[in-house]
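A short worksheet on the structure shown next.
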Amino acid sequence: MTLPETAPAGAEPADASAPTAAASPDRTGISRRGLIGWAVGSGVAGLAVGAGAAAAGAGILRGAAPPDEFAFEGAHQAGITTRVQDHLHFASFDMMPRARRDDLVSLLQDWSHAAARMVTGLDVSASGAVGGPSEAPPDDSGEAQGLGATGLTITFGLGPGLFDADGDRFGIAHRRPAALAPLPAFVGDALDEAYTGGDLCIQACADDPQVAVHAVRNLSRIAFGRARLRWSQLGFGRTSRTSAEQQTPRNLFGFKDGTANILGDDAEALDAHVWAGGGGEQAWMAGGSYLVARKIAMHIETWDRLRLSEQDRTIGRAKGTGAPLSGGDEFAEPSFHGGAIDANAHVRLAHPTVNDGVRILRRGYNYVDGNNGLGKLDAGLFFLSYQRTPAQFIGIQKRLATDLMSEYVTHVGSGVWAIPPGAQKGSYVGAGLFS
């Protein structure tokens, strides 16, 4: 655990390698298959929401101050170095058993088109929630009408299973990056299949939880017939920062989290630790990254009975100030000489100096999923990290085998995905994979 530290509507693409208008914000429709998915899928839309909310077309209320907007197109996907928003809806999908290459391509095209609209505060299509025929299901579910963009980012990922599908049914096995493989087992894992793996992932982050939920809900509807939801997770209260202007947040143990995180304007660190390279068959990943997600249950009631001094010793920082126990303020570099910080404190075992200089960019969130059968809080950290290669996370996680914090957490969910570079104008996320 690393805590503180598309083709025109009605037509299928003739050439999956050719750029299409799929992700263009000017496009007014999505593929016929996507539209059919919306109409048929409206009855299962709630699966992606978990507990969807209904409210009052998309867009910004007249006279209201415009919210933050982050462009969908660009060299890198938004939602990585973007300032960390307050809310998360993460979802993992599996492709349907009969899906083939054209299905995967059209899905990525349709998703990119819809995402490019939603991040500007628009509905997923021009007809949206209320502009279509009254006797047909709306294209958009409508619960984000009037809320605006609220800093929404939508990030797409491709899992290792996508490249290993039976008989290479998507025709991409030869383009699988060597770094993309299921994570190994770690000491203390108790993984639940209900929160593990997936062919595709969507990370939707926003400053309004309903906007994030709306994004995943509608992308799930679009996927109907081509991909199905495997699992999802809502998160709140970011547990990291990617901007120097952001205050360091606190996790559910009450400690500041993300003090030493890589910041979005640190180009040198991003190039060294976050952005993937690519050559030969893996050239399509250049400028992308790799995402690791871990659902980490915190044993809240046990932790809350610990003496404050023991909590500080476990983390290696002072709970109040966030300063390392070796002295200084929150941002002082910890000193691991002299015994002020325990040899197995979390801050030491996760620190770059004991991990060959390796760093990762974290975008985690708190979660509370109610109570379990014993009446205890079902709560913890939904850990998200971006790195140039998953080996960076693997090395740190192995180092944490003796972490004092291990007594108070259990890893119950896990996944790894390749995050392609951003979509270019008039194209879609992942287009380079099919060139």
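What follows draws every value from the coordinates through simple rules; no lab data is involved. From a predicted model like this one, the values you see are computed outputs, not experimental measurements. Don't worry about glycine lacking a Cβ; one is built from the backbone with ideal geometry, like all the others, and counts go over all protein chains shown.
Quick notes on this one:
- Farthest toward positive dipole pole in the range 305-372 [+1 Lys/Arg, -1 Asp/Glu at C-beta], among ASN344, GLY327, VAL368: VAL368
- Net dipole in debye of the range 129-256 [+1 Lys, Arg Cβ; -1 Asp, Glu Cβ; about Cα centre; nearest 20]: 320 debye
- Quotient of Cα Rg and 2.2 N^0.38 Å for the range 292-435, N being how many residues it contains: 1.26
- Fully extended contour minus Cα-Cα distance, from SER243 to ALA181, at 0.36 nm per residue: 19.3 nm
- Sites listed here are chymotrypsin sites (Phe, Trp or Tyr not before Pro) in the range 330-396 whose DSSP assignment is loop and whose Cβ has at most 15 other Cβ atoms within 10 Å: PHE331.
- Convex hull of Cα atoms in the range 214-260, direction-averaged projection (nm²): 5.0 nm²
- Restricted to Cα atoms, the range 141-250 shows a radius of gyration and a Dmax of 17.1, 49 angstrom.
- Taking Cα centre as origin and charging only the Cβ of basic (Lys, Arg, +1) and acidic (Asp, Glu, -1) residues, the dipole magnitude of the range 297-412 rounds to 280 debye.
- Dividing the radius of gyration of the alpha carbons in the range 204-324 by their Kirkwood radius gives 1.05 for Rg/Rh.
- Relative contact order of the range 356-431, pairs being alpha-carbon contacts under 8 Å that are 6 or more residues apart, as %: 21 percent
- Cβ-to-Cβ counts within 10 Å put SER220, SER243 in ascending order as SER243, SER220, the fewest first.
- Taking amide hydrogens as placed 1.01 Å from N in the peptide plane, the amide H of ARG230 sits under 5 Å from those of SER92, PHE93, ASP94, each at least 5 positions away in sequence or on another chain.
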